[in-house]
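Notes for the one structure printed next.
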Amino acid sequence: ELKEIVFIIQSQSNSFHSKRAEDLKRDILKQSADLGKELPMVLLIHQMDSHEGAWTILPLMRHFSVTYGRNSSWIFFCEEDTRIQVVKLLETLGRFDESKEWFLGKALYDEESTIIHHYAFAENPTVFKFPDFAAGWALSIPLVNKLANKLKSEPLKSDFTIDLKHEIALYIWQKGDGPHLTPVPEFCTDDVNSHKVNHCATTFSNFLPLCGEPVKKEDVFVAVKTCRKFHGDRIPIVKQTWEREAALIEYYSDYAEISIPTIDLGVPNTDRGHCGKTFAILERFLNLSSSRTPWLVIVDDDTLISIFRLRKLLSCYDPNEPVFLGERYGYGLGTGGYSYITGGGGMVFSRIAVQKLLASKCRCYSMDAPDDMVLGMCFSGLGIPITHSPLFHQARPMDYPKDYLSHQIPVSFHKHWNIDPVKVYFTWLAPNTEDSLNGKKGGYNREDL
């Protein structure tokens, strides 16, 4: 029965995202009403819990178990851009015995062991499957109840949430004692208009959001963090690749080199976190850049980014809201911690977010504190939620499953380890690769990387 499915939309409180989630909720309820069925429960995750770790899902298992454990059969999770054929979803779930422990989804796997999964299953990473959230995934209530009990007696081990889909699958698997992910062919990430979707209960369409005209080049100020030892090898790559896309760009270093040019902020370089440097950049943006520039992007000197695509993405956000955007990680979320934007993929701020942050007097506890984590802590204390986009990437293209990247038009990647960064840029991020990412050939072959 439809009323036995609880739909959980992995929503966010930013106005652009919450509207998309509300639209999906309305669509699910309309399809259900058109079937003449009793309406299912549809919940938005950002409204479920005052605790900011709700997005990591496992802390909510107890709530799901207590609230829905008696009258429901399935908890079905999806993203705001997942499209659901309710009739097909009912048929698909109906194939599985709901009295058993099921973990269902579209299977992803690592082709090589990767840092973002702590090099798990290094001998053969392809053996471990985890769900592509974009296709939707489901837990049967007996499994939800089991996880809720386990979490009572055995809290989550890691302080960090880095790749939620992999970490959830690992927790459910319980070193082989729990269920593996069961791949479900009807959970799809093909575009809704694709000829392949006739059998699909779910589809996905989120190559790159565009909400009107891209923001103007002059509305994005780009700050590149560098230091003297990288002037010779990393900065030339920025200049060869994406620098020309930026109208306003400055390089911040511990040494002023006129030929680049770099600006010495008077903050010595540190081996670890760069909190002092980042806060100096924020102050400079507020005090020296044109007060009309609504957006600031801070990137590392080994970040590869498409400013062209970022301008499209930013058309969806209101610069009058405090926006702090990028790839979301979590720290200590089971015990009242905070979410943060991981710096390597790029951190995007609306001017008003920077104003609120600096007015708050929240600052680095040391000059070499991790800047991205301190920013997360500060924004959390201000009650300003961070905004996650999966199009920013803390690692290299080969660190992600091909199938996962296939339904994205990425905005950034990070790191130059064992890759040709210029080739990666022109394969994945250059403006003329848009067509090839949408399925038409062009440039390098993505499969080679």
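What number of residues in the range 156-166 are within 14 Å of GLY53 (Cα to Cα) and free of Cβ contacts under 8 Å to residues at least 24 places away in the same chain?
Count: 1.
For SER315, state whether it is surrounded by fewer than 19 Cβ atoms within 10 Å (Cβ to Cβ) and in contact (Cβ under 8 Å) with a residue 60 or more places away in the chain. First the steps, then the outcome.
Working: surrounded by fewer than 19 Cβ atoms within 10 Å (Cβ to Cβ): yes; in contact (Cβ under 8 Å) with a residue 60 or more places away in the chain: yes.
So SER315 passes the test.
What is the residue count in the range 197-207 for residues that are touching a helix residue (DSSP H, G or I) at 6+ places or on another chain (Cβ under 6 Å) and either open to solvent by 20 Å² or more (accessible area, probe 1.4 Å) or not in a loop (DSSP other than H, G, I, E, B) (or both)?
Of the residues in the range 197-207, the ones touching a helix residue (DSSP H, G or I) at 6+ places or on another chain (Cβ under 6 Å) are 201-204.
After this cut, where a residue has to be either open to solvent by 20 Å² or more (accessible area, probe 1.4 Å) or not in a loop (DSSP other than H, G, I, E, B) (or both) as well, the list is 202-204.
Summing the residues that are touching a helix residue (DSSP H, G or I) at 6+ places or on another chain (Cβ under 6 Å) and either open to solvent by 20 Å² or more (accessible area, probe 1.4 Å) or not in a loop (DSSP other than H, G, I, E, B) (or both) in the range 197-207 gives 3.
Would you please name the residue that is farthest from the chain's Cα centre (by Cα), looking only at residues in the range 129-144 that are open to solvent by less than 10 Å² (accessible area, probe 1.4 Å), within 20 Å of GLY176 (Cα to Cα) and not hydrophobic (A, V, I, L, M, F, W, C)?
SER140
Output the qualifying pairs, or none if there are none: Cβ atoms under 9 angstrom, residues six or more apart or on different chains, first residue in the range 350-362 and in contact (Cβ under 8 Å) with a residue 12 or more places away in the chain, second residue hydroxyl-bearing (Ser, Thr, Tyr) and open to solvent by less than 40 Å² (accessible area, probe 1.4 Å).
Short answer, once both residue conditions are applied: SER350/TYR317; ARG351/SER289; ARG351/THR293.
Which of (1) of a type in the set (Gly, Ala, Ser); (2) open to solvent by less than 20 Å² (accessible area, probe 1.4 Å); (3) over 14 Å from VAL87 (Cα atoms) does SER32 not meet, given it meets every other one?
With respect to (1) of a type in the set (Gly, Ala, Ser); (2) open to solvent by less than 20 Å² (accessible area, probe 1.4 Å); (3) over 14 Å from VAL87 (Cα atoms), SER32 is out only on (3).
Quick check, is ARG234 touching a Lys or Arg at 6+ places or on another chain (Cβ under 8 Å), at pLDDT 95 or above and open to solvent by 20 Å² or more (accessible area, probe 1.4 Å)? Even if it seems obvious, please write down each step before you answer.
On the way: touching a Lys or Arg at 6+ places or on another chain (Cβ under 8 Å): no; at pLDDT 95 or above: yes; open to solvent by 20 Å² or more (accessible area, probe 1.4 Å): yes.
No.
Whether any residue in the range 262-271 is within 24 Å of the chain's Cα centre (by Cα) and surrounded by fewer than 24 Cβ atoms within 10 Å (Cβ to Cβ) is what I want to check. Can you show your working first?
Within the range 262-271, the first condition is being within 24 Å of the chain's Cα centre (by Cα), and the residues that meet it are none.
No; the residues of the range 262-271 include none that is within 24 Å of the chain's Cα centre (by Cα) and surrounded by fewer than 24 Cβ atoms within 10 Å (Cβ to Cβ).
Which one of these does VAL87 not meet: (1) open to solvent by 20 Å² or more (accessible area, probe 1.4 Å); (2) among the β-branched types (Val, Ile, Thr); (3) under 29 Å from THR335 (Cβ atoms)?
All conditions are met except number (3).
When only residues in the range 168-196 that are under 25 Å from ILE341 (Cβ atoms) and in contact (Cβ under 8 Å) with a residue 60 or more places away in the chain count, which is surrounded by the fewest Cβ atoms within 10 Å (Cβ to Cβ)? Spell out how you get there, then give the answer.
So in the range 168-196, the residues under 25 Å from ILE341 (Cβ atoms) come out as 168-171, 189.
Still in the running and in contact (Cβ under 8 Å) with a residue 60 or more places away in the chain: 168-169, 171, 189.
On the way: ILE168: 24, ALA169: 23, TYR171: 19, THR189: 26.
Filtering first and then ranking leaves TYR171.
Go through the range 404-449 residue by residue and tally those that are open to solvent by 60 Å² or more (accessible area, probe 1.4 Å), modelled with pLDDT under 95 and either in a helix (DSSP H, G or I) or among the basic types (Lys, Arg) (or both).
Number satisfying all stated conditions: 6.
List pairs: first in the range 289-309 and free of Cβ contacts under 8 Å to residues at least 60 places away in the same chain and not assigned by the TED database to the domain that holds ALA247, second part of a helix (DSSP H, G or I) and open to solvent by 10 Å² or more (accessible area, probe 1.4 Å), Cβ under 7 Å, 6+ apart or cross-chain?
Qualifying pairs under 7 Å: none.
Which one is farthest from ASN14 (Cα to Cα) among residues in the range 332-372 that are among the aromatic types (Phe, Trp, Tyr) and either in contact with a Leu (Cβ under 7 Å, 6 or more places away or on another chain) or crowded, with 18+ Cβ neighbours inside 10 Å (or both)? Steps first, answer last, please.
Of the residues in the range 332-372, the ones among the aromatic types (Phe, Trp, Tyr) are 338, 340, 349, 365.
If we keep only those that are either in contact with a Leu (Cβ under 7 Å, 6 or more places away or on another chain) or crowded, with 18+ Cβ neighbours inside 10 Å (or both) as well, we get 338, 340, 349.
Details: TYR338: 17, TYR340: 15, PHE349: 13 Å.
Out of the qualifying residues, it is TYR338.
So, in the range 220-254, of the ones that are in a loop (DSSP other than H, G, I, E, B) and out of contact with any strand residue (DSSP E or B) (no Cβ under 6 Å at 6 or more places or on another chain), which residue ends up nearest to LEU310 (Cα to Cα)?
Here the answer is ALA247.
If you check every pair at least six apart or on different chains, which have Cβ atoms under 7 Å apart with a residue in the range 105-129 that is closer than 24 Å to PHE187 by Cβ and in a helix (DSSP H, G or I) first and a residue that is among the hydroxyl-bearing types (Ser, Thr, Tyr) and modelled with pLDDT under 95 second?
Filtered contacts from the range 105-129: PRO125/SER113.
Could you tell me how many of the residues in the range 75-84 are closer than 14 Å to SER140 by Cβ and either open to solvent by 10 Å² or more (accessible area, probe 1.4 Å) or in contact with a Lys or Arg (Cβ under 6 Å, 6 or more places away or on another chain) (or both)? Quick ask: steps written out before the conclusion?
Within the range 75-84, the first condition is being closer than 14 Å to SER140 by Cβ, and the residues that meet it are 75-77.
Adding the requirement that they be either open to solvent by 10 Å² or more (accessible area, probe 1.4 Å) or in contact with a Lys or Arg (Cβ under 6 Å, 6 or more places away or on another chain) (or both) leaves none.
Qualifying residue count, the range 75-84: 0.
Keeping to the range 55-71, report how many residues are open to solvent by 20 Å² or more (accessible area, probe 1.4 Å) and either among the hydroxyl-bearing types (Ser, Thr, Tyr) or closer than 21 Å to ASP34 by Cα (or both).
Final tally of qualifying residues: 3.
Go through the range 122-143 and give me each residue that's more than 17 Å from ASP403 (Cα to Cα), of a type in the set (A, V, I, L, M, F, W, C) and at pLDDT 95 or above.
Going residue by residue through the range 122-143, those that are more than 17 Å from ASP403 (Cα to Cα) are 122-124, 138-143.
Narrowing further to those that are of a type in the set (A, V, I, L, M, F, W, C): 122, 138-139, 141, 143.
Scanning the range 122-143 gives ALA138, LEU139, ILE141, LEU143.
The values are calculated or read from the model by the stated rules, or taken from the named source; none is laboratory data. None of the values given here were measured: they were computed from a predicted structure. Neighbour counts run over all protein chains shown; Cβ positions are idealised from the backbone, glycine included. Surface accessibility is based on the protein's heavy atoms, side chains included, excluding ligands, DNA and RNA. Shrake-Rupley method; radii C 1.70, N 1.55, O 1.52, S 1.80 Å.
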